[in-house]
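In what follows, a structure is listed as C-alpha cells, so that the remarks can point back to it.
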Amino acid sequence: MFRNLNCKSYSPHAGSQSAQDPILSVQANSMETIPLVKNVILLDSEGKRVAVKYFSEDWPTNQAKLAFEKSVFTKTKKTNARTEVEVTMFDNYIVVYKFAQDLHFFVTGGDDENELILAIVLQGFLDAVALLLRNNVDKTTALENLDLILLCLDELADGGNVLEVDPNVIAGKIASNGSDASAFNEQSIAQALATAREHLTRSLLK
C-alpha cells in the first residue's frame with residue numbers, strides 16, 4: 001500500500017522549501033513523538049547506493065543492507081513520489097520516500113513510528129541537501145559533494161535519534177563548520193563549504 005503525505009516539498013524551480021511550521025511545532029511541542037530512525041538512504045535512479053546511514057542492527061551485514069536497499073527501490077521505483085512524500089509498509093517497517101531528479105531519498109522507521117514525523121525528517125534531509133547543492137539535486141552534483149551529504153546525515157540523526165530537521169539549521173551548521181548558523185548566507189557559502197570539506201578530510205585522515 002502506498003500513500004502520500006502532504007509535507008512541504010523541495011521544488012527544482014522555486015528553490016529549497018523547508019517544512020518549517022510542522023517541523024518547529026514538532027520540535028517545540030512533541031519531542032516525545034520524535035521517532036527512532038532505522039536508516040536514511042539515498043539511491044540513484046538505478047537503485048545504486050549514493051549515501052546511506054544505518055542506525056539499527058536489523059541489517060547486521062553490508063549484504064543485508066544492500067538487499068534491503070534493492071528491495072525498497074524495486075517496490076517504489078514506479079511510483080510518482082516527486083511532489084509529495086510517499087509512505088509504504090515494507091517488511092514491518094514504515095518507509096517514507098521522495099524522488100528529486102535522478103535521486104531517491106528514503107527514511108525507514110519501525111511500524112509503530114509516526115509516519116508524518118518520519119516524512120518531516122525525510123523532507124528536512126532533502127531540503128538541506130538542496131541548500132548545500134545550490135538546488136542542483138542530481139546524482140552528478142551529489143557525488144561531487146558527497147562529503148557534504150555525509151555531514152548532512154550526521155547532523156540529521158545520531159544513533160537513530162533525530163537531532164535536527166530544519167534544513168536551514170542543518171545546512172547552516174555544515175556551511176559555517178559549527179559556528180553560529182546565522183552566519184550562513186549566499187556570499188560566504190563557497191568559502192564555508194570549502195572549510196567544512198577540509199575539516200572532514202582531516203578527520204578521515206586521522
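Evaluate the following for Val129: is it under 20 Å from Asn168 (Cα atoms), of a type in the set (Val, Ile, Thr) and either in a helix (DSSP H, G or I) or touching a Phe, Trp or Tyr at 6+ places or on another chain (Cβ under 7 Å) (or both)?
Judged against the criteria, Val129 is a match.
Check Asp154, Asp111 and return the single one that is under 27 Å from Asp58 (Cβ atoms), among the acidic types (Asp, Glu) and modelled with pLDDT of 95 or more.
Sole residue among the options that is under 27 Å from Asp58 (Cβ atoms), among the acidic types (Asp, Glu) and modelled with pLDDT of 95 or more: Asp154.
Against the conditions (1) out of contact with any Asp or Glu (no Cβ under 8 Å at 6 or more places or on another chain); (2) at pLDDT 95 or above, where does Asn135 fall short? Just the number, please.
(2)
What tally of residues in the range 138-179 results from selecting those that are outside any helix (DSSP H, G or I), of a type in the set (Val, Ile, Thr) and over 12 Å from the mean Cα position of the chain (by Cα)?
Just the residues of the range 138-179 that are outside any helix (DSSP H, G or I), to begin with: 138, 145, 157-166, 176-179.
If we keep only those that are of a type in the set (Val, Ile, Thr) as well, we get 162, 165.
Narrowing further to those that are over 12 Å from the mean Cα position of the chain (by Cα): none.
Summing the residues that are outside any helix (DSSP H, G or I), of a type in the set (Val, Ile, Thr) and over 12 Å from the mean Cα position of the chain (by Cα) in the range 138-179 gives 0.
So which pairs qualify, if the first residue must be in the range 127-156 and free of Cβ contacts under 8 Å to residues at least 24 places away in the same chain, the second must be part of a helix (DSSP H, G or I) and among the polar types (S, T, N, Q), the Cβ gap must be under 6 Å, and the two must be at least 6 apart or on different chains?
Once the first residue is free of Cβ contacts under 8 Å to residues at least 24 places away in the same chain and sits in the range 127-156, its partners that are part of a helix (DSSP H, G or I) and among the polar types (S, T, N, Q) give Leu133/Thr141.
Whether any residue in the range 77-84 is at pLDDT 95 or above and not aliphatic (A, V, I, L, M) is what I want to check.
Here is the first cut: in the range 77-84, the ones at pLDDT 95 or above are none.
Looking for residues that are at pLDDT 95 or above and not aliphatic (A, V, I, L, M), one finds none in the range 77-84, hence no.
Of everything in the range 51-102, what is surrounded by fewer than 18 Cβ atoms within 10 Å (Cβ to Cβ) and among the acidic types (Asp, Glu)? Give them in sequence order.
Answer for the range 51-102, where residues must be surrounded by fewer than 18 Cβ atoms within 10 Å (Cβ to Cβ) and among the acidic types (Asp, Glu): Glu57, Asp58, Glu84, Asp91, Asp102.
The values are calculated or read from the model by the stated rules, or taken from the named source; none is laboratory data. Predicted model, so just to flag it, every value in this text is computed and none were measured. Positions of Cβ are backbone-derived with ideal geometry, glycine not excepted, and every protein chain shown enters the neighbour counts.
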